[in-house]
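Enquirer: Structure below; questions to follow.
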Amino acid sequence: MRDKVNTFLAILTMAGRVYPIQPASHMVPECTALTPDEITLMSKEAQSYQQSRKYRVKIREARGTKAPGPQHHGIKTFLQKYVLGPGQSLLDLGCAAGAMLRQLDAMYARIGGHGNFVGVELTPGWVREAVGIFGNGSSSWNMKFFEGDVTEVRVGQTFDVIIMNDVLEHIMPKRYGCLFATLAAHSHPGTAVYMHTPTPETQLNENGQFFENVVPQHVLVTGMAFAGFQLERFAYDNETDCGTAVGRKLPGKAISNQGFRCVHQRSGMPKYSHALFRRPEDAGVLGTQKHVST
């Protein structure tokens with residue numbers, strides 16, 4: 001992955017001078033409006049969640065009556081090592097019923113507390129459950145929740161940390177530019193943006209939800225650069241255990257391969273990856289000329 005980053009954000013030294021290499025304009029994701037049919041389909045997607053076992057499981061996780069899924073361990077390990085700091089405000093895009101925010105609240109309590117938490121979720125039932133569990137800014141949890149599309153929501157503030165856990169692969173590619181604009185609108189210099197995402201090789205074989213898309217890493221890195229974010233760290237997720245350590249095997253995954261605890265059975269590739277971006281103090285380090293509007 002480091003080689004890919006160097007390719008897209010490289011600099012060319014010639015005759016003692018440095019020339020930024022500008023990615024071609026056609027590589028920059030645009031923000032394309034949804035059609036009426038797509039809006040209807042997204043509504044059906046949200047409603048279908050509310051009839052699924054996953055919907056009920058996520059509510060139990062948010063209430064603290066069920067142990068979180070195996071991915072949460074990998075996500076929390078990475079965040080604790082590279083992202084979390086006392087007093088941070090945090091935006092969770094695609095928060096479901098708030099299970100991850102519950103766990104992060106406990107993690108922040110051990111390092112001095114946190115600023116306000118905000119969760120955004122498309123599924124109405126999960127938002128209602130989250131408000132019922134955590135309040136809506138009026139309780140000691142210091143959390144607020146909004147129902148909305150993460151590619152167009154605006155909550156009226158910037159955050160120190162923005163997270164997207166297994167969300168990006170469910171966003172239509174035509175909306176990537178809209179998502180990058182959302183991230184830019186809710187960030188300030190120093191903001192960390194963390195994404196936990198299935199790897200392209202394993203996502204090829206996923207078909208469990210309405211929208212299942214491969215997210216090429218070069219598209220993500222380039223799009224985020226034009227939105228004003230620098231890639232700080234990329235790593236395969238070696239903490240999430242999809243096998244016997246969590247008491248069951250997950251469909252389409254294996255216990256281990258080449259040192260990884262969660263790989264896709266067909267491809268042998270790690271199932272998940274971590275990507276950490278940060279909005280730099282000086283956008284000149286990105287070597288870009290065009291930035292998305294917010």
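Enquirer: Working carefully through the options 156, 148, find the one that is without any contact (Cβ under 8 Å) to a residue 24 or more places away in the chain and out of contact with any His (no Cβ under 7 Å at 6 or more places or on another chain).
Expert: 156
Enquirer: Please state which of the following conditions residue 241 fails to meet, knowing it meets all the rest: (1) modelled with pLDDT of 70 or more; (2) under 30 Å from residue 189 (Cα atoms); (3) among the charged types (D, E, K, R).
Expert: Going through the list (1) modelled with pLDDT of 70 or more; (2) under 30 Å from residue 189 (Cα atoms); (3) among the charged types (D, E, K, R), residue 241 breaks only (2).
Enquirer: Could you list, in sequence order, the residues of region 156-171 that are more than 14 Å from the chain's Cα centre (by Cα) and at pLDDT below 95?
Expert: Selection gives nothing.
Enquirer: Anything in region 60-81 that is charged (D, E, K, R), assigned to a helix (DSSP H, G or I) and surrounded by 13 or more Cβ atoms within 10 Å (Cβ to Cβ)? List them, or say none.
Expert: Result: 60, 61, 63, 76.
Enquirer: For the condition surrounded by 24 or more Cβ atoms within 10 Å (Cβ to Cβ) and closer than 21 Å to residue 78 by Cβ, what is the one hit in 119, 115, 94?
Expert: Matching residue, one of 119, 115, 94: 119.
Enquirer: What pairs can you find where one residue is in region 217-231 and at positive phi and outside any helix (DSSP H, G or I), the other is among the charged types (D, E, K, R) and buried (at least 22 other Cβ atoms within 10 Å of the Cβ), and their Cβ atoms are less than 7 Å apart, with a gap of 6+ or different chains?
Expert: If the second residue must be among the charged types (D, E, K, R) and buried (at least 22 other Cβ atoms within 10 Å of the Cβ), the pairs left are 228/279.
Enquirer: Considering only region 126-140, how many residues are within 18 Å of residue 113 (Cα to Cα) and modelled with pLDDT of 95 or more?
Expert: The qualifying residues number 1.
Enquirer: Can you name the residue in region 254-268 that is in contact with a strand residue (DSSP E or B) (Cβ under 6 Å, 6 or more places away or on another chain) and surrounded by fewer than 19 Cβ atoms within 10 Å (Cβ to Cβ) and is also modelled with the highest pLDDT among such residues?
Expert: Here the residue is 268.
Enquirer: Go through region 30-54 and give me each residue that's without any contact (Cβ under 8 Å) to a residue 60 or more places away in the chain, under 29 Å from residue 223 (Cα atoms) and in a loop (DSSP other than H, G, I, E, B).
Expert: Selection gives 33, 35.
Enquirer: Restrict the check to region 129-147 and report whether at least one residue is crowded, with 20+ Cβ neighbours inside 10 Å and under 16 Å from the mean Cα position of the chain (by Cα).
Expert: no
Enquirer: Go through (1) of a type in the set (A, V, I, L, M); (2) modelled with pLDDT of 90 or more; (3) within 20 Å of residue 77 (Cβ to Cβ) for residue 224 and report which single condition fails.
Expert: So the condition that residue 224 fails would be (3).
Enquirer: Out of 57, 120, I need the residue that is in contact (Cβ under 8 Å) with a residue 24 or more places away in the chain and outside any loop (DSSP other than H, G, I, E, B). Which one?
Expert: Checking each option against the conditions leaves just 120.
Enquirer: Is it fair to say residue 103 is closer than 28 Å to residue 263 by Cα and surrounded by fewer than 21 Cβ atoms within 10 Å (Cβ to Cβ)?
Expert: Answer is yes for this residue.
Enquirer: Quick check, is residue 153 at pLDDT below 95 and touching a strand residue (DSSP E or B) at 6+ places or on another chain (Cβ under 9 Å)?
Expert: Here the answer is no, as residue 153 does not meet what is asked.
Enquirer: Does residue 175 satisfy the condition of being of a type in the set (Lys, Arg) and either surrounded by fewer than 16 Cβ atoms within 10 Å (Cβ to Cβ) or in contact with a Lys or Arg (Cβ under 9 Å, 6 or more places away or on another chain) (or both)?
Expert: The answer is no for residue 175.
The values are calculated or read from the model by the stated rules, or taken from the named source; none is laboratory data. The shown structure was predicted, so the numbers you read here are calculated from the model rather than taken from an experiment. Quick reminder, even Gly has a Cβ in these numbers, built from the backbone with ideal geometry, and neighbours come from all protein chains shown.
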